[in-house]
Amino acid sequence: MRAQLDDLVLRRRAAVLGVCVGMQMLARGSDEGKRPGLGWIDGHVRAFRSWEPARRLPVPHMGWNDVRPTSGTGLFRELDLDARFYFLHSFFFECAKPEDVRAVSPYGADFSSAVGHGNVHGVQFHPEKSHHFGTRLLRNFAEL
Amino acid sequence: MLRPRITPCLLVHNGGLVKTVGFTAPRYVGDPLNAVKIFNEKEADELIVLDIDASVRGTEPNYRLIANLAVECRMPLCYGGGIKTAEQAKRIVGLGVEKVSISSAAIENPTVISRMAEEVGSQSVIVVFDVRRSRRGYEVWSHNGSRQTGKLLDEVVRSAESLGAGEILVNSIDNDGQMTGYDLALAKRLRELTSLPMTVLGGAGSVDDIRRLIETCGVVGAAAGSLFVFKGPYRAVLINYLGPALKEDLIRRLAPAPVEQP
């Protein structure tokens with residue numbers, strides 16, 4: 001199955017959107033487990049508990065938080081002002097390449113709440129549970 | 001900024017939605033799926049649905065109802081009622097529910113919290129404590145307030161956190177259905193006891209009650225039943241929620257001053 005997925009995403013460049021732990025699976029690896037991730041986006045998944053800015057904040061990071069995209073195009077078309085999404089997670093994606101960060105959200109400090117590289121996209125929040133903001137994002141993904 | 005959550009809490013009894021007072025006298029207020037559709041339109045922050053029959057009757061969670069709710073719900077959903085095992089929790093999360101809540105099972109057999117956290121992740125395990133005030137402090141009751149557990153809130157909250165709970169919800173039996181305000185001393189106590197996200201339920205009768213809770217606890221879940229299913233002094237049944245302008249106003253008052261961007 002891994003070979004088929006790699007073929008679909010890396011060679012045939014099918015658009016893929018990872019949601020929540022689905023975004024975390026795009027990384028090379030995670031503090032949460034020992035086995036490697038898909039490695040489609042260069043980065044590692046860390047625990048908020050081990051990250052100084054969020055060390056004293058409640059974990060999981062849970063609820064509606066601001067999402068500030070780096071650009072109001074692509075996945076975030078018409079979502080560059082005042083967008084809010086629902087989060088529920090204890091781990092976050094640390095990108096190796098700054099250009100792969102597509103949006104940030106504040107929790108102690110800014111963390112990557114959306115990542116992207118070519119046809120591969122990931123969002124830490126739940127668009128399917130984020131009312132009209134989420135509907136917009138999913139429509140944007142469908143129209144990429 | 002992470003926002004406080006304002007969360008309708010719906011009770012399921014004999015397949016319909018009800019609202020109780022002091023955990024008794026359930027009054028029919030409507031159909032669960034219809035209520036979810038209304039809260040979708042109102043863009044509620046999240047939704048809690050508790051089946052108040054399952055644990056008392058010792059029945060399995062109603063998976064068909066849960067699946068229907070999850071499909072309909074465009075906001076995060078927390079489901080509770082009759083969940084005793086990690087396998088049941090996994091099945092419910094698999095139906096598209098973000099959070100499962102346990103109460104009786106967590107008190108009788110606290111290690112189930114760890115097994116559930118391993119199975120579905122801590123972030124999805126909500127532990128609910130129903131409490132009554134007494135001279136000893138806040139005493140925890142189970143099975144819809146019908147059984148005294150002999151335990152105090154302080155000990156069960158610490159134990160639930162150390163076993164891997166992702167959120168604590170505390171429900172005041174004394175204030176249930178009263179619509180006279182949250183038990184703020186209870187909310188404050190819970191904030192001191194745990195560093196987990198927390199939600200308070202029981203007593204909200206107005207937007208001011210929600211404001212006072214947020215002022216007391218900061219980023220918190222403010223859950224309410226009566227407030228969102230009744231309207232007016234005669235408690236006519238009308239599913240309702242805060243309008244976006246009112247909610248924004250409430251949140252903005254509490255927001256810290258924006259940090260200037262370089």
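We did not get these values from a lab; they are worked out from the coordinates using the rules stated. Predicted model only: the values in this text are computed from it and were never measured. Methodologically, a virtual Cβ is constructed for each residue, glycine included, from the backbone with ideal geometry; neighbour enumeration extends over all protein chains shown.
GNM on chain B, alpha-carbon springs under 10 angstrom: the most fluctuating residue among B:Met116, B:Met75, B:Met198 is B:Met75.
For chain B, relative contact order (Cα pairs under 8 Å, six or more residues apart, normalised by length) works out to 18 percent. The trypsin sites (Lys or Arg not before Pro) of the stretch B:76-183 that meet both conditions, a loop assignment by DSSP and at most 11 other Cβ atoms within 10 Å of the site Cβ, are B:Arg135, B:Arg136. Under a model in which nothing but the beta-carbon of Lys, Arg (+1) and Asp, Glu (-1) is charged, the stretch A:15-142 shows a dipole of about 260 debye around its Cα centre. Classify the protein assembly as shown from the C-alpha gyration tensor, please: rounded if a/c falls under 1.5, else prolate or oblate depending on whether a/b exceeds b/c. Cα axes put the protein assembly as shown in the prolate bin. Compactness of the stretch B:61-144 was expressed as the Cα radius of gyration divided by 2.2 N^0.38 Å, which yields 1.15. For the Cα trace of the stretch A:15-142, dividing Rg by the Kirkwood Rh returns an Rg/Rh value of 0.93. With contributions of -39500 (n - 2.57) from each DSSP H run of at least four residues, the per-residue ellipticity at 222 nm computed over the protein assembly as shown stands at -8000 deg cm²/dmol.
When both bridge partners sit in the stretch A:11-144, DSSP labels roughly 80% of those beta bridges antiparallel.
Comparing A:Leu75, A:Leu38, A:Leu26 in a Gaussian network model of chain A, where Cα atoms under 10 Å apart are tied by springs, the biggest mean-square fluctuation is seen for A:Leu38.
Orientation-averaged projection of chain B equals 14.2 nm² [convex hull of Cα atoms, one quarter of hull surface area].
Toward the positive end of the charge dipole of the protein assembly as shown, with +1 on the Cβ of Lys and Arg and -1 on the Cβ of Asp and Glu, the farthest Cα among B:Tyr241, B:Ile83, B:Met179 is that of B:Ile83. Within the protein assembly as shown, DSSP assigns beta bridges of which about 55% are antiparallel (rounded to the nearest 5). Distance from the C-alpha centroid of the stretch B:128-178 to that of the stretch A:20-48: 37 Å, rounded to the whole angstrom. Per-residue Karplus couplings for the stretch A:46-51, computed as 6.51 cos²θ - 1.76 cosθ + 1.60 with θ equal to phi - 60°, are listed in order as 10, 8, 3, 4, 9, 10 Hz, Gly and Pro entered as x. By DSSP, the beta bridges lying fully in the stretch B:5-253 are antiparallel in about 35 percent of cases.
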